[in-house]
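The values are calculated or read from the model by the stated rules, or taken from the named source; none is laboratory data. Fair warning: this is a prediction, and the values are worked out from it, not measured in the lab. Cβ coordinates were reconstructed from backbone atoms using ideal geometry, including for glycine residues, and neighbour counts include every protein chain displayed.
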Amino acid sequence: MQVSLKNYTLRYLSIAFLIIITIWAALFYAFILEEVYDNVDDGLKNQKILILREVYAHPKLLETNEYGINQFRITPVEDENDFSEENRLDNEFFYMPYDDEMEPYRVLRTGFYAPDQKPYHLEIRTSTVEEDDLILNLTTALIVLYLVLVLGVYLINELVLRRAWRPFNIILENLNLYRFGKKDDLTVLSTNILEFNQLDEEIHRMWRRNEEVFDDQKRFIENAAHELQTPLAITINKLEMLMEDESLSENQLTQLADSKSSMKRLVNLNKALLMLSRIENKQYKDINQISLNQLVEEISKDFYDFLLFQDITLHVEEHTAFETSMNKDLALVMLSNLFRNAIRYNVKGGRISINIDQNQLSVANSGSPISLDQEKIFNRFHKGTQDSQSNGLGLAIVKSIVDSYSQLSIHYRFEDNMHIFSIKK
Amino acid sequence: MKVLIVEDETDLCDVMKSFLEGEKYIVETADNYTSGLAKVANYDYDCILLDIMLPGGTGMELLAELRALGKDDSVIIISAKDSVEDKVEGLELGADDYLAKPFHLAELLARIKTVVRRKNHHGEQAIEFKDVKLFPEERKVLIGTDEVQLNRKEYDLFYYFMIRPEKLITKTSLAEAVWGDDADQSDNLDFIYSQIKNLRRKLKNHQAEVDFQAVYGIGYKLV
């Protein structure tokens, strides 16, 4: 289970407070009680001295054998063995009419010889603390203290930590909003908390490093593809020149044609890679409001002969215009790639239906009776099993074009034995 | 017909030169900006093939200089950078066409013929071979005096054969001519075959003297 940092500390603090307060309470109670008894006992001992002096002055006091208002009694010793001049201190309960119950008393017992040389017991009592009440009150006070402490810590956490962690929340939000290469709409962090400034700086540094590495890679792909163009041109053209030679045998000519074919595949692959890196580098900058309906019409004308050749029926259903702002060349590439796919993976005598409404353009084609792998079809170099000639980049290019415009998205579904690719706004 | 190739890749320059010489062009070459500029300033060419990246300057600068000299030689920009910006800039500066490397030699020839024809308004417009006449401006084909109805792709294919009669044109070159840049091959070769079959039938119907000759299954010749 995940808890917020401020509650996380609170949990441990509450436990710690509980332990500390309990130990402290036990010690405090012991010390208090010790001090109280010490005081009371000193008072009793002092009273003993005063009483003995009075008894010597007025022997009549020897007859005080009940606790009265004097809080002492003197009784003659009956058994000599019982006699001791030591001070013995005990806690005892006596009935107290005020409270109408037994209350704790501290009692000092000792013995003395009266002026008549007879041994007497002397008992002095004084009311003392009620331990159970003390414990109850102390506990109540401590529970209140504990609750106030926990509540206090909680409130301080809420107020102070929330303020202190505000920059952290900004950093979190920025991380969440960050899209590759786009840092303009992030909130600028302004705080005097050192650690958060460091964190923010490090995150920005990391972004920069990643972007640089990624840009380097893109540049590398683009440069590599560029540098390949000229040698490819030379090779292809030299092969073509060779094939002009009338004296070549069929075998030689066929081998040359095969080489040229393979070179051509390489050229196409190279062009597709270049295109991908250009799209990702945002090199198609001219953006206009365009209607895809018109492009669909143009492309249908371009592919007319192929449709005829494959005996494919094309059905275009235009409800309204699908308009969006994007680069026209890219829109053309996107639609031709979808169209080409719909023809290539179709069956003889199959059909293609294009459906256009305000927010969606879908290209549906008959073909293999099995749904394609939604997760992978847009991946680079993902190839369906039936085709060794495709370079596996057609749909990746479509996806990359769609992704470069935030308003567009592309989806694939298989429905009623039709493979449907839809571009949605 | 005089053609100047300004290209710093010697191998590519050589292969274009020998191909165009085979097509009966007079070809001169320059391998850097300075010698290219000297040649365009001193001589007139029917067509200049201009690479963009040159030692000592760019093809674009050369093109600007050429137009500044008041010359209207046809210019085809040939570049390894197949980027839209370059294409637009080149055409704005007054280039007649833009061809991205790598290209088929047959395609290069078709482009040269087109731009030269556009410049020369005088003289015969039609391309002739035996009893066939092809009018590129109107996309019209006559056999004797009969017009042959060709659809778009058939016409495009036939044009390739007409500019290089009696030469082998491979299916891959044809596929690219009709299918465009990213022609993938397997599905196209069958298509080419069926288009050639249609074309051949139409030619036969008009009792044309020309016919297609298949060359070992790799391409065709117009004979």
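Overview of values
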quantity: Residue count for segment A:97-149, restricted to those that are farther than 25 Å from A:Ser84 by Cα and assigned to a loop (DSSP other than H, G, I, E, B); calculated: 6
quantity: Cross-chain or 6+ apart pairs with Cβ under 8 Å, segment A:199-224 first and in the same structural domain as A:Leu189 (by TED's automatic domain parsing), then surrounded by 13 or more Cβ atoms within 10 Å (Cβ to Cβ) and among the β-branched types (Val, Ile, Thr); calculated: A:Leu199/A:Ile171; A:Asp200/A:Ile171; A:Ile203/A:Ile171
quantity: Qualifying residue in segment B:1-15 (condition: within 14 Å of chain A (Cβ to nearest Cβ) and closer than 16 Å to B:Val116 by Cβ); calculated: yes
quantity: Residue check for A:Leu228: crowded, with 17+ Cβ neighbours inside 10 Å, more than 8 Å from chain B (Cβ to nearest Cβ), modelled with pLDDT under 90 and within 18 Å of B:Lys101 (Cβ to Cβ); calculated: yes
quantity: Residue satisfying all of: in segment A:249-260; buried (at least 20 other Cβ atoms within 10 Å of the Cβ) and not basic (Lys, Arg); nearest to the other protein chains (Cβ to nearest Cβ) among these; calculated: A:Ala257
quantity: Selection count where residues are of a type in the set (D, E, K, R) and surrounded by 12 or more Cβ atoms within 10 Å (Cβ to Cβ), scope segment A:13-53; calculated: 3
quantity: Single match in A:Asn327, A:Asn346, A:Asn379 (criterion: within 30 Å of B:Glu85 (Cα to Cα) and within 11 Å of chain B (Cβ to nearest Cβ)); calculated: A:Asn327
quantity: Segment A:41-65 residues that are outside any helix (DSSP H, G or I), paired with ones that are polar (S, T, N, Q) and exposed (fewer than 11 other Cβ atoms within 10 Å of the Cβ) (beta carbon under 9 Å, 6 or more apart); calculated: none
quantity: Elements of type helices (runs of 4 or more DSSP H) in segment B:52-148, at least 2 residues being within 17 Å of the chain's Cα centre (by Cα) and hydrophobic (A, V, I, L, M, F, W, C); calculated: B:105-119
quantity: Filter pass, A:Leu175 being under 39 Å from the mean Cα position of the chain (by Cα), surrounded by fewer than 18 Cβ atoms within 10 Å (Cβ to Cβ), more than 14 Å from chain B (Cβ to nearest Cβ) and among the aliphatic types (A, V, I, L, M); calculated: yes
quantity: The one condition in (1) within 14 Å of chain A (Cβ to nearest Cβ); (2) without any contact (Cβ under 8 Å) to a residue 24 or more places away in the chain that B:Met53 fails to fulfil; calculated: (2)
quantity: Options B:Leu50, B:Leu66: the member that is more than 29 Å from A:Glu240 (Cα to Cα), in contact with a strand residue (DSSP E or B) (Cβ under 8 Å, 6 or more places away or on another chain) and not polar (S, T, N, Q); calculated: B:Leu66
quantity: Hits in segment B:115-126 - residues which are at pLDDT below 85 and on the phi < 0 side of the Ramachandran plot; calculated: B:Arg117, B:Arg118, B:Lys119, B:Asn120, B:His121, B:His122, B:Glu124, B:Gln125, B:Ala126
